[in-house]
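Here the structure is laid out as structure tokens; the discussion comes afterwards.
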Amino acid sequence: MARALCIRGTFLHTPNLGDLDILHDYLLVTDRLGIIVHFQSALLPESQKLLESWSSHCLVLPSGTFLVPSFVDLHLHAAQFLYQGNGLHLPLMEWLNEYAFKAEERLDADPSLARRVYSRLARRLIQNGTGAVLLFGTINEETNLILAQVMQAAGLRAFVGKLSMDISSRPSYKEESAQTALEAARSFVDKCHGLTSHMPAHKRTVEPVLTPRFVPTCSDELLVGLGKMSANEDLKIQSHLAEALDQVQFVRTERGAEDMDIFDRSGLLTSRTIQAHCTFLDVPCFKHIYSRGTAVAHCPLSNSYFSAEPFRLREALDEGVKVGLGTDIAGGYSLDLQNCMRHAVSVSRMRQGSKQVAVANGAAEDDGRSLAIDWKEALYLATRGGAAALGLATGVFEAGIPFDAQEIRVFDSRTGVGALDFFDLEVSSEPADGEALTIDMVEKWWGLGDERNRVNVWVQGSKLDISSVL
């Protein structure tokens, strides 16, 4: 059981898209289950009474340090961490055959390697401030159970998906039939639940997710069967939707339909579903997936490599679609959600620039709406947006919510010096301890910060191991 916590200092969160709250001198207290039971100004009488009871055991954050919700990664291929940063020169369907399938098959054949790769992945996620992650696994049940065990032991919130695929361009890497795949999915769900069934509810941070890889690797029989399984047992679903030009054209040629429609008629476009990419969806499509309650994992970096056009992020948000961010290792090369946030803003600004050019050339009308997002909106997507997509209450600080957070230090309170450069603090005649965190300081951390700024990470009130990997 996690021990209760008392923390006094500056807290930062984005409760709504575009809103940024910097809460100076607040007091947060959790219970032993890791649930926030008090979150108010430290100067209020109730807070003062709690401070008296905690005496010297309350953690007081110095100036230059703040707490922000931990990041949520909505799309990551765990086995592909094996070759992160390599092989991004091919179109998607070729890349899958040349790199992805081989890496996944290799881990399925080597449990020792799988455990080593997944243990390193867990540590890297924590170092990058990721507290919750939606994971694509492999076909083999044992390998996925290793992944679930490792994530549970690390203390991360992990949603683990055993791949379901009965069609493949690599004959050695597929399941024998739709029925075999459905039985394997059923077995994995049961065994994954069994890993944590002996634990108290608040300690069960890992759960299984149904994972049809994408339409090109799944027969209609398999998709329909998974849809029924999800509905009957309230299981989450993850897949890829309308990701790349070659993939979209392949589905149209082979199945005679759009993959969104195939997912929909199979019962896989639901409020329990997170679909990655969605770059070829337009506004009518967003209206449809909004009506289904389906969420989108926006992966701006991997889209730059594998998609012929960018995701229409602003349009999706305007239609009310739940959107979070995904690193998409290894289609994306960076495990850092901060980089993902930055890429999301960059891509959106390029879209806005293209729109302005079209308006200037008379090829489009100016509707007055900007397609760009700003850094505050990106921070929302990386925290509260991702949590909402997974049906989690986390991503904000308030009473009744599990305490998932990261402690960030932007400068040393004694010297004004740190991993980021604030030159005015370094030459100030006043002690840095008197400096309150400003929005400019937060923005600089958003744009330039990295793991050097990260002091601690908590999930469900438990502090995770953030020590470096040698």
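Starting from the Cα of K355, draw a straight line to each of the aspartates and glutamates and keep only those under 18 Å, dropping any in the same chain fewer than 8 residues away. Cα-Cα hits under 18 Å: D282, E309, E315, D318, E365, D366, D367, D374.
Each residue of segment 450-466 is assigned a 3J(HN,Hα), and the resulting list reads 7, 5, 5, 8, 8, 9, 8, 9, 10, 10, 6, x, 9, 6, 8, 7, 9 Hz, derived from the Karplus form 6.51 cos²θ - 1.76 cosθ + 1.60 (θ = phi - 60°), x at Gly and Pro. Scoring 285-294, 240-249 by mean Cβ neighbours within 10 Å over their residues and listing the highest first yields 240-249, 285-294. Under 5 Å between amide hydrogens, built in the peptide plane, is the criterion, and for K322 it picks out V296 among residues at least 5 positions away or on other chains. Length available on full extension from D367 to D450: 0.36 nm per residue minus the Cα-Cα distance, which gives 26.1 nm.
Pairwise alpha-carbon distances in segment 351-401 exceed 13 Å for 68% of all pairs.
Please list, by residue number, everything in segment 71-87 whose backbone N is under 17 Å from a paramagnetic label point 7 Å out along Cα→Cβ of A109. Of the residues in segment 71-87, 79-80, 82-83 have backbone N under 17 Å from the label point off A109. Using the Karplus relation 6.51 cos²θ - 1.76 cosθ + 1.60 with θ = phi - 60°, the per-residue 3J(HN,Hα) values for segment 125-138 come to 4, 4, 4, 8, x, 8, x, 9, 8, 9, 10, 7, x, 10 Hz, with x marking Gly and Pro. As a test of the formula, what do you get for the chain when each DSSP H run with n ≥ 4 contributes -39,500 (n - 2.57) and the sum is divided by the residue count, at 222 nm and rounded to the nearest 500 deg cm²/dmol? It comes out at -11000 deg cm²/dmol, rounded to the nearest 500. For segment 61-209, a Kirkwood hydrodynamic radius built from all Cα pairs, placed in the Stokes-Einstein relation at 10 °C and 1.306 mPa s, yields a translational diffusion coefficient of 97 µm²/s. Each peptide in 442-450, 382-390 gets a packing score, the mean of other Cβ atoms within 10 Å over its residues, and the list from highest to lowest is 382-390, 442-450.
Where the convex hull is taken over the Cα atoms of segment 1-134, what is its projected area averaged over directions, in nm²? For segment 1-134, the mean projected area of the Cα convex hull comes to 12.2 nm². When the charge dipole of the chain is built from unit charges on Cβ atoms (+1 for Lys and Arg, -1 for Asp and Glu) and taken about the Cα centre, the candidate among L420, H38, G368 whose Cα reaches farthest toward its positive end is H38. Couplings 3J(HN,Hα) of segment 118-124, computed from phi: 6, 5, 5, 4, 4, 5, 5 Hz, in residue order, whole Hz [Karplus 6.51 cos²θ - 1.76 cosθ + 1.60, θ = phi - 60°; x for Gly and Pro]. Residues whose amide H comes within less than 5 Å of that of V209, counting only those at least five positions distant or on another chain, are V160, G161, K162 (H built at 1.01 Å from N in the peptide plane). Computed with a 1.4 Å probe over protein heavy atoms only, the accessible surface of the chain comes to 40 Å² per residue. Computed on the Cα atoms alone, the convex hull of segment 142-259 gives a volume of 116 cubic angstrom per residue. What fraction of the Cα pairs in the chain, stated in percent, has a spacing above 43 angstrom? Tail of P(r) above 43 Å: 15 percent of Cα pairs.
Near C299, the amide H atoms lying under 5 Å from its own belong to H277, G326; only residues 5 or more places off or on other chains count, and H is placed 1.01 Å from N. For the residue pairs K236/K463; K228/K376; K174/K203, the alpha carbons lie more than 30 Å apart in K228/K376; K174/K203. With pairing defined as another cysteine C-beta under 4.7 Å, the cysteines of the chain that fail it are C192, C218, C278, C285, C299, C340.
The values are calculated or read from the model by the stated rules, or taken from the named source; none is laboratory data. Quantities reported herein were computed from a predicted structural model and do not represent experimental measurements. Counting neighbours? That spans all protein chains shown, and the Cβs are built from the backbone with ideal geometry, glycine included. Quick note on the areas: whole protein, heavy atoms, side chains included, nothing else; ligands and nucleic acids left out. Shrake-Rupley method; radii C 1.70, N 1.55, O 1.52, S 1.80 Å.
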